[in-house]
Amino acid sequence: MLYIAAIMAGGVSSRMGKSKPKQFLDLNGRPVLIVTLDKFINAFDAVYVGIHPEWCEYTAGLLCDFYGKDHNIKIVQGGKSRHDTLMEVIAKIEKNHILSEEDVIVTHDAARPLVSKEIIAAHIREMKNQICCGTYIENEDTLAYSENRKTIKKTISRHNIWRAQTPQSFKLSALKNAIKNLSREQIESLTDACGIFELAHKHTPVKIVPGSMLNFKITKQEDLELAGKLILISF
């Protein structure tokens, strides 16, 4: 059984307002992407990174600088969307490996550098007996619904509501079949791979792996600053 990590790093980070995508910004002396990869590089048979085409060469230089020339990380040129990038990664994995029905792909956002090794290890354990696992945390805040982003239409009960994080893990063959069985419109209406799996495999539940508030996604400058402070305190 192969365990292969797929780090999704194809975004251009328009919300950050920086000259570089957020996965390449400095986080206490190292790029965000490298901080994330450090958690995966020794735990998997291979690591694939989906990168925007304009940043592939830059990424290759980073990997050489931090890991030397001998490492198990493969760069994959990403597509127009996250799902396109995931499909490009899967295609590259199929090209490079002889696969079985039991092989596992663990997908993770490059912009979640504070994921713990314990969460990753939990995914590896669960996938020995599961088809799909996702990382989730219980929602502790009251939820409100607005249609115009100016006024609240109704308050929503937070009970039974969970917040999705990554990693998300799948039997690679099951994920590929899920993508194949959905239309382009269905896939693009969803925001993560677990959503694709749920829609295509309605009778196969996604196993919950408990996440952490520390495993947040860097989307704004204040997130980057908070991550830097937390690394000094907790890691």
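The values are calculated or read from the model by the stated rules, or taken from the named source; none is laboratory data. The structure displayed is predicted, hence computed values, not measured ones. Backbone-built Cβ (ideal geometry, glycine too); neighbour counts: all protein chains shown. Note: accessible area is taken over every heavy atom of the protein model, side chains too, but ligands, DNA and RNA are not part of it. Shrake-Rupley method; radii C 1.70, N 1.55, O 1.52, S 1.80 Å.
Observations on the model:
- Residues satisfying the stated conditions in region 79-122, i.e. open to solvent by 10 Å² or more (accessible area, probe 1.4 Å), within 13 Å of Ile4 (Cβ to Cβ) and hydroxyl-bearing (Ser, Thr, Tyr): Ser100
- Output for region 53-93, where each listed residue is of a type outside the set (Lys, Arg), within 23 Å of Cys194 (Cβ to Cβ) and part of a loop (DSSP other than H, G, I, E, B): Gly78, Gly79, Ser81
- Pairs are defined by a Cβ separation below 7 Å, a sequence spacing of at least 6 or placement on different chains, a first member in region 120-149 that is more than 15 Å from Gln168 (Cα to Cα), and a second member that is in a strand (DSSP E or B) and among the charged types (D, E, K, R); the pairs so defined are Asn139/Arg163; Tyr145/Lys154.
- Of the residues making up region 172-198, those that are charged (D, E, K, R) and in a helix (DSSP H, G or I) are Lys176, Lys180, Arg184, Glu185, Glu188, Glu198.
- Count - residues of region 166-221 that are of a type in the set (Asp, Glu), in contact (Cβ under 8 Å) with a residue 24 or more places away in the chain and more than 26 Å from Ser116 (Cα to Cα): 1
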